[in-house]
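Trainee: Below: one structure in structure tokens.
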Amino acid sequence: MSESLPHQKLERHFHEPARLAILCRLIQEPEGISFPRLREELDLTFGNLDRHLKVLHEAGVTEAEKVPAKRRPQSIIKLTEQGRTEFLRYLDHLEQMLETATDARRALEAHSAAAPDFSGAQPHLS
């Protein structure tokens, strides 16, 4: 059996724009970030952020901890160790895919630059 391709290794629970943004933000904050701050920074609604965090939590990627605050306890969201490991692996696979696409683009550009340009050529009539 052949080894799976990089795109087959992408975790579906990571590969969604809002969740990817959440994870990119959380990996920068090892001690976690408050739910309201995360919501504000990512410009997500309460319900939207809550739904995405639920998916990530069910996958074992994030955890929430209630901590005392001035008026009421706040939820601090952070990556679990499993989440950090899986997300870094996801980034490696994504990077492989981007490198492959970049190499293909460069080859295409090199081929296009070497090919004669006939786009504006007028037929030669004698």
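No value in this document is a laboratory result; all are computed from the given coordinates. Computed from a predicted model, the values in this text were never measured in an experiment. In this analysis, Cβ positions are derived from the backbone assuming ideal geometry, glycine residues included, and neighbour counts consider all displayed protein chains.
Trainee: How would you rank 77, 33, 22, 27, going from fewest to most other Cβ atoms within 10 Å of each one's own Cβ?
Mentor: Final ranking by Cβ density, sparse to dense: 27, 33, 77, 22.
Trainee: What percentage of all Cα-Cα pairs in segment 10-105 are separated by more than 18 Å?
Mentor: In whole percent, the long-distance tail amounts to 46.
Trainee: Also, I was wondering about something else. So how do 106, 84, 72 line up by other beta-carbon neighbours within 10 Å, fewest first?
Mentor: Arranged by neighbour count, lowest to highest, 106, 84, 72 become 72, 106, 84.
Trainee: So for 57, 111, fewest C-beta neighbours within 10 Å to most, what's the order?
Mentor: Numbers: 57 15, 111 9.
Ranked by crowding around the Cβ, least crowded first: 111, 57.
Trainee: I want to check the label-to-label distance for residue 12 and residue 31. Put each point 7 Å from Cα in the C-beta direction and report it in nm to one decimal.
Mentor: According to this spin-label approximation, the distance is 3.7 nm.
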